[in-house]
1. For q values of 0.12, 0.15, 0.28 Å⁻¹, compute log₁₀ I(q)/I(0) with the Debye formula on a Cα-only model of the range 229-285, without solvent.
2. Ordered by packing density, taken as the mean number of other Cβ atoms within 10 Å over each peptide's residues, highest first, how do 266-274, 126-134 rank?
3. Using a cut-off of 21 Å between alpha-carbon atoms, which lysines can reach Lys60, once sequence neighbours fewer than 8 places away in the same chain are excluded?
4. How much of the accessible area of the range 213-268, in percent, comes from carbon and sulfur atoms when a 1.4 Å probe is used?
5. Counting helices only, and only those DSSP H runs with n ≥ 4, report the 222 nm mean residue ellipticity of the chain as the sum of -39,500 (n - 2.57) divided by its residues, in deg cm²/dmol to the nearest 500.
6. Under 5 Å between amide H atoms, partner at least 5 residues away or on a different chain: which partners does Asn245 have, H built in plane at 1.01 Å?
7. Give me, ordered by chain and number, the residues 5 or more places off Gly116 or on other chains with an amide H under 5 Å from its own placed amide H.
8. Students sometimes get this wrong: rank His137, His36 by accessible area, probe 1.4 Å, all chains present, largest first.
Amino acid sequence: MSAKTVADASRFVILPALFAVFVAARILSRGSSIDHWLPEWWTFSILGTLMMLERFYAYKYAVSQRPLLARDILSTLINVFVTGAVTGMIVFPVLAFFTEHFLGRKLVFASSGQLGPFWVQVAAILVGVSFFRYWMHRLQHKNEFLWKLHSYHHAVTDLQASNTFVSNPIDFALRNVLVFVALGLIGFNPLAILIAIPAVQVYGIFSHCGGDVRGGWLNYLFVTPEVHRWHHSAVVPEGHKYSVNYGVEFSFWDVAFGTYYLPLKDGQRQQPERLGHPGGMADESNYLKLLLVPLGLYGIVPWLRRRLWIASDPEGPQPAE
């Protein structure tokens, strides 16, 4: 067997193998000292591994993201360390108050034993989280305001690990944080959450791998890079109004609801030649614009600059001689 044959075959097995490794590592390390010393170590381990894959399995339509690296790093740090914590502090008390005082916890269970056997709970979390994220993602493309927030994520010109977390924090929280906050109120077995959550989180990151890795028949179950690139295509496939392949981790929701798209030509799965915003919006390197423009708040930035300039020059602008 030639080296080329082995390399080609490895494109199909590398992501499933790494998925198993990282999910197992996350489950086994939960609560260990590494979590205290290096918070989110596994997230950055995944990103680093995918970056190496991108170099090893070069993608023919790859577009350099190097000029946007500072934006990517800042957005990643904020969405990984800040967005989830802030969302939890704001949303959890509101949900808890609402369920306690208006629903009387009738729709929320106090004991995990009421939710069925352990593995049923694991399956329920996987299905429920992925179902919510699929429909939230579709809404983010359909609703005008949510699209303003989400569109910055679609302005990236290539899927790469470095821009996985490039997203307005509100947009990111709606799709990736809100449902996990709600899980804390439902009463699932903590071990079921420990097993299920890493699975959906890990594969959500894998879909942004920029390397030429293949999914094979797994494309119909999971959102592989092959599947997710069509969601980021600069040209929306014919017959679809907003986009395709809205699933975050599982693609079977797209299959079920008619939004799955991965065309074949001469027996080969095709990939879009160009990724980017379907309306032509340029990729935004300024993180403050990504953060504030959708909310109509970016005007405060030049105002602050003017105020700071006046403060640093008490005499103000001097008249010309």
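The values are calculated or read from the model by the stated rules, or taken from the named source; none is laboratory data. Please read all numbers here as calculations on a predicted model, not as lab measurements. Cβ sites come from the backbone with ideal geometry, for glycine too, and all protein chains shown count toward neighbours. Side chains are part of the model used for accessible areas, which takes the heavy atoms of the whole protein and leaves out ligands, DNA and RNA. Shrake-Rupley method; radii C 1.70, N 1.55, O 1.52, S 1.80 Å.
1. -0.31, -0.47, -1.21
2. On the way: 266-274: 11.4, 126-134: 19.3.
For the peptides 266-274, 126-134, the packing ranking is 126-134, 266-274.
3. Answer for Lys60, where 21 Å is the Cα cut-off: Lys4, Lys265, listed by chain and number.
4. Details: 1460 of 2500 Å².
Of all accessible area on the range 213-268, carbon and sulfur atoms account for 58 percent.
5. That comes out to -17000 deg cm²/dmol.
6. Tyr260, Tyr261
7. Under 5 Å from the amide H of Gly116: no residue qualifies.
8. Numbers: His137 5, His36 140 Å².
The residues order as His36, His137, largest area first.
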